[in-house]
Amino acid sequence: MTYDPDQQPDAAWWLELDESERIEQVHSALSARGEEPPPVRATVQAVVETQIAAYEPPAVRRAAERLTDEGLRRNIVLRTLTVKLIQHMHRAMQQGGFDHAAYERDLDSLTGAAILAGALGLKD
């Protein structure tokens, strides 16, 4: 099986991979699309995929499902969720701790309309 960011991977398969294999799967898929992602992007996107597959925290999977139901392509949803996690990780380094409640509130407030309008600076 190979990873495709446009398709939700089988959760059992994804969770059976070790972390380095997940990162490599993401990096290879993005490279095959002509993207040369910085290592941190592939790593964090692999974390987001793991959060979705493990349903932990639940807000990540809820956001992914809601945004795809609103018509966004899955790869755009993943890029958005990856950016959000990076933003919260950066904030955690500045503030000395990860604010899980703020992360979940941020995810719950995401809308497909705002993303499509470019509110997050993402373009396809």
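The values are calculated or read from the model by the stated rules, or taken from the named source; none is laboratory data. Here the structure is a predicted model, which means the values were calculated and not measured. All Cβ positions, even for glycine, are placed from backbone atoms using ideal geometry, and neighbour counts span all protein chains on display.
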Discussion item. Just checking, does region 63-72 include any residue being under 13 Å from the mean Cα position of the chain (by Cα), β-branched (Val, Ile, Thr) and crowded, with 20+ Cβ neighbours inside 10 Å?
Written reply: no
Discussion item. Suppose we filter region 73-102 for residues that are among the aliphatic types (A, V, I, L, M) and more than 16 Å from the chain's Cα centre (by Cα); how many remain?
Written reply: 4
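Quick test for you: out of Leu78, Leu72, Leu85, pick the one residue that is touching a Gly at 6+ places or on another chain (Cβ under 7 Å) and either modelled with pLDDT of 95 or more or not small (Gly, Ala, Ser) (or both). Explain how you work it out, then say what you get.
Values: Leu78 fails: touching a Gly at 6+ places or on another chain (Cβ under 7 Å); Leu85 fails: touching a Gly at 6+ places or on another chain (Cβ under 7 Å).
Just a single option satisfies the conditions, and that option is Leu72.
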Worksheet, complete the sentence: Of the residues in region 1-14, those that are outside any loop (DSSP other than H, G, I, E, B) and touching a Pro at 6+ places or on another chain (Cβ under 8 Å) number 0
Worksheet item: Considering only residues of region 26-38 that are within 14 Å of the chain's Cα centre (by Cα) and of a type outside the set (A, V, I, L, M, F, W, C), which is surrounded by the fewest Cβ atoms within 10 Å (Cβ to Cβ)?
Response: Pro37
Fill in: Which listed residue, of Leu17, Leu30, is of a type in the set (A, V, I, L, M) and in contact with a Pro (Cβ under 7 Å, 6 or more places away or on another chain)
Leu30
Fill in: Filtered residues of region 14-25 (kept if in contact with a helix residue (DSSP H, G or I) (Cβ under 9 Å, 6 or more places away or on another chain), surrounded by fewer than 18 Cβ atoms within 10 Å (Cβ to Cβ) and within 16 Å of Ala54 (Cα to Cα))
Leu15, Glu19
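In region 15-24, which residue that is in a helix (DSSP H, G or I) and over 14 Å from the mean Cα position of the chain (by Cα) is farthest from Leu81 (Cα to Cα)? Let's see the steps before the verdict.
So the first thing to find is which residues in region 15-24 are in a helix (DSSP H, G or I), and the list is 15-16, 19-24.
Retained after the next criterion (residues that are over 14 Å from the mean Cα position of the chain (by Cα)): 15-16, 19-21, 24.
Values: Leu15: 19, Glu16: 22, Glu19: 18, Ser20: 20, Glu21: 20, Glu24: 19 Å.
Once the filter is applied, the top-ranked residue is Glu16.
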